[in-house]
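Asker: My questions all concern the structure below.
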Amino acid sequence: MEESNNYGHQHSLLLILNQDQLIHNQSVVTDCSRCGEKVSAPCFCCAEHCGFYLHKVCAEAPLELNHPFHPHHPFLLMQNAPYSSGRYICNFCDKGGNEFVYHCSCHFDFHIQCALFTFNIAENNLKELEHVAFKMKNLKMILSALGARNH
Ligand SMILES: [Zn+2]
Ligand SMILES: [Zn+2]
Ligand SMILES: [Zn+2]
Ligand SMILES: [Zn+2]
């Protein structure tokens, strides 16, 4: 247990590894405080039960992602998209977001999970991808989008 690592939360966090444990800990369906998606195991929950949840992938997302599909700039993890509306459209899944975003200066924006998903594809971590395999159809699109913007 890494008790000192609370990912910026004021209380200590518990690591929940399986879905049963999560359901047991959760009184209502909750969203991840980083990506805004519903939490699913593995994730962290607040040991004080204040309602704070965080996907494990979101908690461990690096502040700077050197994405192999876009080697020219790193993607920076930002709390809000740097647009006046604060909203962005993810270049991978085409859905909007107003939570944490991986942003690159040439206007690529990715949800945390989408950025890590494409990163894992590039790194051939195929095992991690089984649960998000339905997004594969978007892969061609993102590859051509990224390729077209190479500079
Ligand atoms: Zn999350
Ligand atoms: Zn808390
Ligand atoms: Zn996305
Ligand atoms: Zn760029």
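Conditions tested, residue by residue: (1) within 16 Å of ligand 1 (Cβ to nearest atom); (2) outside the structural domain of Leu17 (by TED's automatic domain parsing).
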position	(1), (2)
Tyr53	yes, no
Pro68	no, yes
His73	no, yes
Leu76	no, yes
Gln79	yes, yes
Ser85	no, yes
Ile89	no, yes
Phe92	yes, yes
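Okay, residues lined up against (1) surrounded by 15 or more Cβ atoms within 10 Å (Cβ to Cβ); (2) among the charged types (D, E, K, R); (3) within 16 Å of ligand 4 (Cβ to nearest atom); (4) at pLDDT 90 or above:
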residue	(1), (2), (3), (4)
Arg34	yes, yes, no, no
His49	no, no, no, no
Phe52	yes, no, no, yes
Cys93	yes, no, no, no
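Asker: Counting only residues that are surrounded by 14 or more Cβ atoms within 10 Å (Cβ to Cβ) and modelled with pLDDT under 90, which one in region 8-30 is farthest from Asn98 (Cα to Cα)?
Answerer: It comes out as Gln21.
The values are calculated or read from the model by the stated rules, or taken from the named source; none is laboratory data. The structure presented is a predicted model; accordingly, all values stated were derived computationally and were not measured. For neighbour counting, all protein chains shown are included, and Cβ atoms are generated from backbone atoms with ideal geometry for every residue, glycine included.
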